[in-house]
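The values are calculated or read from the model by the stated rules, or taken from the named source; none is laboratory data. Computed from a prediction, not measured in an experiment: that's the story for all the values here. All Cβ positions, even for glycine, are placed from backbone atoms using ideal geometry, and neighbour counts span all protein chains on display.
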Amino acid sequence: MLTYTVNDLNTHIKRLFEYEHSLKNIKVRGEVSNLSVSSAGHLYFTLKDEDASVRCVWFGVGQDVLFKNADNIIVTASVSLYVRGGDYQLNVSDAEYSGIGYWYEKFHQIKTKLEKEGLFDDIHKRKLPLFPQKVGVITSETGAAIKDVVRVVEERYPICEVLHYPVMVQGAGASKTIAAAIDYMSENNLCDVIILTRGGGSQEDLWEFNEEIVARAIFNCKIPIISAVGHERDISICDYTADVRESTPSTAAARAVPDADELRSILSGHLYSLNVLIEQKIDALKSSLEKSRLRLSAVSPTNRLNEYSQRLDYMQQKMSVLIEKTLISKQNRISLCESALSPLHPLLPLEKGYMIAMDEDDNIINTTEQILRLRKARLKAKDGTIGIIPIDKEKVE
């Protein structure tokens, strides 16, 4: 039995295709997807219908292409096989436009229906949490998407936990598992934000994210959802329904969580500003306190008492001076009066040798009749007083 190498087997099958006359210059109708032009001018695309797809190559056609993705075309081609990859393909020699493709039309039918129901309205969009504690990721179990999300979250916000819910991301039934994952996370409130993501692919590969069941699950979810399906150019129904759309799993992760370094920088700035404000507030309070202290000091009972005490001392000093002046003035006046009255003093004659006659009560006796009547009297001289008894009255010569 002959044993083939892989290259020999693929080459042999390629020749079978090329030798089969019924597979030459055939007409194939389908919808264009994954259209690209190589630097050598070769056109690569996929033709697909509702149930299948086939790769196509049009050599040397250059940039002058008359159709685009989602167009429905009829190509003239021969069946061949790419030996290195082992994939069969159509080598196209001509193409003609045939209308809008099946997948394109189906996409817009679903989009128009859900849009009329209001599933895409901004009023239903939920805000993403500023500081999520848990991020849920709905994607394939082994794809690069989950690795990218985990890496970005760990780099930006390592205190956040990543919860991975693995699902099918393409193929029949994938939309149901995606919708079920969204419902499960929402009903059990497992996280603060959900990232629904997968890597790039053809429109057929991404189709499950266009299904109505996924869009309704996103709309009914209680948790904010970020959609990051395919590449930047890929737009899916879930992108319209989700609260936020990002182009890649990495950018979705960066949108879901804050940057810890940036937060530290912001917090440091706020802390500095807060310290400045606190210092300014303390200085203002100190100034206000000092002003209040001065105002209080002005009305302080102690200060008032000291002020009144000082005023009393002043008034006492002033009164003492006034009293002293008054006394001096009075003394001077008394001295003047004494000087004026001295010559009139009743005892002054005694100094000249005269005596004053008085009764027992020191009343002055003016006449001899009084002495005779009293029968006794007292004579006051300058050196003392002596009692007398009158004998007889003599006439005054």
- Item | In segment 199-254, residue farthest from the chain's Cα centre (by Cα) [restricted to those that are among the β-branched types (Val, Ile, Thr) and either in a loop (DSSP other than H, G, I, E, B) or assigned by TED's automatic domain parsing to the domain that holds residue 45 (or both)] | 235
- Task: Quickly run through segment 207-217 and pick out the residues that are closer than 18 Å to residue 140 by Cβ and surrounded by 22 or more Cβ atoms within 10 Å (Cβ to Cβ).
- Result: 208, 209, 210, 214, 217
- Task: List every residue pair whose Cβ atoms sit under 8 Å apart, with the two residues 6 or more apart in sequence or on different chains, where the first one lies in segment 284-312 and is at negative phi and the second, anywhere, is loosely packed, with under 10 Cβ neighbours inside 10 Å.
- Result: none
- Of the numbered conditions (1) among the β-branched types (Val, Ile, Thr); (2) in contact with an Asp or Glu (Cβ under 7 Å, 6 or more places away or on another chain); (3) in a helix (DSSP H, G or I), residue 302 satisfies every one except a single condition; which is it? (2)
- Identify, please: which residue in segment 113-152 is part of a helix (DSSP H, G or I) and among the acidic types (Asp, Glu) and is, among those, surrounded by the fewest Cβ atoms within 10 Å (Cβ to Cβ)? 122
- Listed residues 171, 200, 230; which is touching a residue at least 24 places away in the same chain (Cβ under 8 Å), in contact with a His (Cβ under 6 Å, 6 or more places away or on another chain) and not aliphatic (A, V, I, L, M)? 200
- Message: Suppose we keep only residues that are within 30 Å of the chain's Cα centre (by Cα) and among the acidic types (Asp, Glu) within segment 159-198. Which one would you say is surrounded by the most Cβ atoms within 10 Å (Cβ to Cβ)?
- Response: 192
- Item | Where a residue in segment 10-38 is within 14 Å of residue 71 (Cα to Cα) and touching a residue at least 60 places away in the same chain (Cβ under 8 Å) and its partner, wherever it lies, is part of a strand (DSSP E or B) and aromatic (Phe, Trp, Tyr), with Cβ under 8 Å and at least six apart | 32/45; 33/45; 34/44; 34/45
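Here's a check for you: in segment 55-66, which residue that is touching a Phe, Trp or Tyr at 6+ places or on another chain (Cβ under 9 Å) and surrounded by fewer than 18 Cβ atoms within 10 Å (Cβ to Cβ) is farthest from residue 41 (Cα to Cα)?
Of all residues in segment 55-66, those touching a Phe, Trp or Tyr at 6+ places or on another chain (Cβ under 9 Å) come to 55-58, 65-66.
Now narrow it down to the ones that are surrounded by fewer than 18 Cβ atoms within 10 Å (Cβ to Cβ): 55, 57, 65-66.
On the way: 55: 17, 57: 11, 65: 11, 66: 14 Å.
Among those that are touching a Phe, Trp or Tyr at 6+ places or on another chain (Cβ under 9 Å) and surrounded by fewer than 18 Cβ atoms within 10 Å (Cβ to Cβ), it is 55.
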- Query: Tally time: how many residues in segment 365-392 are within 17 Å of residue 349 (Cα to Cα), basic (Lys, Arg) and out of contact with any strand residue (DSSP E or B) (no Cβ under 7 Å at 6 or more places or on another chain)?
  - Reply: 1
- Mind listing whichever residues of segment 234-277 are touching a residue at least 12 places away in the same chain (Cβ under 8 Å), closer than 19 Å to residue 130 by Cβ and polar (S, T, N, Q)? 251
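Of all residues in segment 48-76, count the ones that are of a type in the set (A, V, I, L, M), assigned to a strand (DSSP E or B) and out of contact with any Lys or Arg (no Cβ under 8 Å at 6 or more places or on another chain). Even if it seems obvious, please write down each step before you answer.
Of the residues in segment 48-76, the ones of a type in the set (A, V, I, L, M) are 52, 54, 57, 61, 65-66, 70, 73-75.
Within this subset, residues satisfying the condition of being assigned to a strand (DSSP E or B) are 54, 57, 73-75.
Pick out the ones that are also out of contact with any Lys or Arg (no Cβ under 8 Å at 6 or more places or on another chain) and you get 57.
Of the residues in segment 48-76, 1 are of a type in the set (A, V, I, L, M), assigned to a strand (DSSP E or B) and out of contact with any Lys or Arg (no Cβ under 8 Å at 6 or more places or on another chain).
Please find, among 121, 71, the residue that is at pLDDT below 90, over 29 Å from residue 260 (Cβ atoms) and among the charged types (D, E, K, R). If you could, list the steps in order and put the result at the bottom.
Numbers: 121 fails: at pLDDT below 90.
On inspection, the qualifying residue turns out to be 71.
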